[in-house]
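Since the structure comes first, as structure tokens, the remarks are kept for the end.
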Amino acid sequence: QHYLKRIQTFDPQLNSFISVTAEQALAQADAADARLARGEGGVLTGIPLAQKDIFCTQGVKTSCGSRMLDSFVAPYDATIVKRLHHEAGMVMLGKCNMDEFAMGSSNETSWYGPVKNPWDTTRVPGGSSGGSVAAVAAGLAPAATATDTGGSIRQPAALTNLTGIKPTYGRVSRYGMIAFASSLDQAGVVARSAEDAAYVLQAMCGFDPLDSTSVDRPVEDLVGALERPIKGLRIGLPKEYFADGLAEGVRARVMEAVKVLEGMGAVISEISLPNSPLSVPTYYVVAPAEASSNLARYDGVRYGHRAEGVKNIEELYKKSRGEGFGAEVQRRIMIGTYVLSHGYYDAYYLKAQKVRRLIYEDFRRAFAAVDLVLGPTATDVAFKLGAKTDDPVSMYLNDIYTIAANLAGIPAMSLSCGFVDGLPVGMQLMGNYFDEARLLNVAHRYQ
Ligand code: GLN
């Protein structure tokens, strides 16, 4: 009731929810109370949570921020929805706003309108998980799910003073999570602290036979690892992440945080990830290529938006897709089909796949020498609404520090390290495969 009331009071200003499921939430809360009264349930039973509107929820609209799916009610629950709500007993408050099909860095591509940053409502909350972070930052939910294909958990967490973690590719099931770029997409959580994030992530993780890329490997005790000492931990600062383009205030806050970790016994060194400058161009070939294929299923026939008054099937496809998808999604589909087309495939898609391998090799070398990689999450604090909407390339450069982790598949997180002119600054921790426990441990010790 507390959170539903806050949503009612403050969300008209923020626009962080697409659907609020008040009645179901109260019924789930009653069921949680009953479960706890019987001595059943666990630590998360009865705790509210907001879901990014990219996860299928049976009986509740799942729009993915798109007009295309404005009428879509999923006939099944995503695996993480099952785990968090049915098994762990968390209470779903509603579905959060997001960039359309998770394509964006500012939540301005949503068909449901932009989300405002609670720290300054003239600014963006970041994206694509802008609704998830705005809701948590404004105290409309204690935590929210989010997804990260090229930074969509970490960059919005950084811009709103939150802690967000993108686990290793394959750690969390993608079943029932609407696909953007399947080889990069990974679900995670945003919360107010690493400790909160650890509890929620623990309940989300683990093998799922319904996702062919899910990894069958035991999940570490994320909560149990939080207090481990960090003395002797080797942290590498990639020099490419502190080069031109990084705002001075952000650099200063990140370096102060490094000093704090050093004071706790961490051993700091400079490292190099030489192929970092290639990560944005590589991503903007690979991600649109996969997106163009994934989004081919929205044809106006099976489900989703269907155009009216068409004369033949060709027109039905064209009009339904033309009306259902916004400008950014259409741009990505065109780039994707172009780089995959005969005659261009080798020059773009295959080349990008090769560079992706080099980016992975950078991390492999780095993790032979250090335990963790640390840098800024974003180049600057939250920007003004509308500031970058006319310039897709400057918008894409938002992802410069976050994308490499998705291309390599490694876990990465963002946590707050202070403020510049009253706006939050985030630092990023990247770990080796399946090292989520260590990331959360270091973040928790720092916090
Ligand atoms: N900003 C990036 C994009 O627009 C990443 C989005 C994401 O991680 N979903 O594609």
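The values are calculated or read from the model by the stated rules, or taken from the named source; none is laboratory data. Computed from a predicted model, the values in this text were never measured in an experiment. When we count neighbours, we look across all protein chains shown, and the Cβ atoms used for this are built from the backbone with ideal geometry, even at glycine.
Pairing residues of the range 93-115 that are outside any loop (DSSP other than H, G, I, E, B) with residues that are among the acidic types (Asp, Glu), at Cβ distances under 8 Å and at least 6 apart in sequence or on separate chains, gives Lys95/Asp53; Cys96/Asp53; Glu100/Glu328; Ala102/Asp185. When restricted to residues that are in contact with a Pro (Cβ under 6 Å, 6 or more places away or on another chain) and not hydroxyl-bearing (Ser, Thr, Tyr), the range 128-140 contains 5. Do you know which of the residues in the range 286-300 that are assigned to a helix (DSSP H, G or I) and away from the ligand (no atom under 12 Å from the Cβ) is nearest to Ile403 (Cα to Cα)? If we take residues in the range 286-300 being assigned to a helix (DSSP H, G or I) and away from the ligand (no atom under 12 Å from the Cβ), then Ala289 is nearest to Ile403 (Cα to Cα). Of all residues assigned to the range 148-163, at least one qualifies as being in a strand (DSSP E or B) and either under 18 Å from Ser16 (Cα atoms) or of a type outside the set (Ser, Thr, Tyr) (or both). Looking only at the range 91-105, count how many residues are under 20 Å from the mean Cα position of the chain (by Cα) and away from the ligand (no atom under 16 Å from the Cβ). Number satisfying all stated conditions: 4. Among the residues of the range 35-55, those that are in contact (Cβ under 8 Å) with a residue 12 or more places away in the chain and more than 16 Å from the chain's Cα centre (by Cα) comprise Arg35, Gly41, Gly42, Val43, Leu44, Thr45, Gly46, Ile47, Pro48. For the range 34-66, a residue qualifies if it is surrounded by fewer than 18 Cβ atoms within 10 Å (Cβ to Cβ) and of a type in the set (D, E, K, R), and the qualifying residues are Arg35, Arg38, Glu40, Lys61. Scanning the range 129-164 for residues that are on the phi > 0 side of the Ramachandran plot, in contact with a Gly (Cβ under 9 Å, 6 or more places away or on another chain) and away from the ligand (no atom under 11 Å from the Cβ) yields a single hit, Asn161. Residue count for the range 8-60 satisfying the condition of being of a type in the set (Lys, Arg) and in a helix (DSSP H, G or I): 1.
Does any residue of the range 61-77 turn out to be outside any loop (DSSP other than H, G, I, E, B), aliphatic (A, V, I, L, M) and touching a residue at least 24 places away in the same chain (Cβ under 8 Å)?
Within the range 61-77 (the criterion being outside any loop (DSSP other than H, G, I, E, B), aliphatic (A, V, I, L, M) and touching a residue at least 24 places away in the same chain (Cβ under 8 Å)), the answer is yes, since at least one residue qualifies.
The set of residues in the range 304-330 that are within 16 Å of the ligand (Cβ to nearest atom), assigned to a helix (DSSP H, G or I) and touching a helix residue (DSSP H, G or I) at 6+ places or on another chain (Cβ under 7 Å) comprises Glu328, Val329. Quick check on the range 176-189. Is at least one of its residues free of Cβ contacts under 8 Å to residues at least 12 places away in the same chain and not hydroxyl-bearing (Ser, Thr, Tyr)? Looking for residues that are free of Cβ contacts under 8 Å to residues at least 12 places away in the same chain and not hydroxyl-bearing (Ser, Thr, Tyr), one finds none in the range 176-189, hence no. Among the numbered conditions (1) touching a residue at least 40 places away in the same chain (Cβ under 8 Å); (2) within 14 Å of the ligand (Cβ to nearest atom), the only one that Ser394 does not meet is (1). Residue check, Ala181 against (1) part of a loop (DSSP other than H, G, I, E, B); (2) closer than 14 Å to Lys52 by Cα; (3) within 14 Å of the ligand (Cβ to nearest atom); (4) of a type outside the set (Asp, Glu), all met but one. Which one? For Ala181, the failing item is (2). Taking the criterion of being within 12 Å of Ala382 (Cα to Cα) and within 13 Å of the ligand (Cβ to nearest atom), the only residue of the range 108-124 that qualifies is Val124. Residues of the range 281-303 that are more than 30 Å from Leu350 (Cβ to Cβ) and touching a helix residue (DSSP H, G or I) at 6+ places or on another chain (Cβ under 9 Å): Gly300, Val301, Tyr303.
Would you confirm whether or not the range 190-207 contains a residue that is within 16 Å of the ligand (Cβ to nearest atom) and either over 11 Å from Leu440 (Cβ atoms) or not aromatic (Phe, Trp, Tyr) (or both)? Yes; the residues of the range 190-207 include at least one that is within 16 Å of the ligand (Cβ to nearest atom) and either over 11 Å from Leu440 (Cβ atoms) or not aromatic (Phe, Trp, Tyr) (or both). Residue count for the range 353-387, restricted to those that are within 13 Å of the ligand (Cβ to nearest atom) and either at pLDDT below 95 or touching a strand residue (DSSP E or B) at 6+ places or on another chain (Cβ under 6 Å) (or both): 1. Scanning the range 235-281 for residues that are of a type outside the set (A, V, I, L, M), more than 24 Å from the chain's Cα centre (by Cα) and either buried (at least 16 other Cβ atoms within 10 Å of the Cβ) or not in a strand (DSSP E or B) (or both) yields Lys239, Asp244, Glu248, Gly249, Glu256, Lys259, Glu262, Gly263, Gly265, Ser272, Pro274. Selection of the range 184-222 for residues being under 27 Å from Ser66 (Cα atoms) and in a loop (DSSP other than H, G, I, E, B) yields Leu184, Asp185, Leu210, Asp211, Ser212, Thr213, Ser214.
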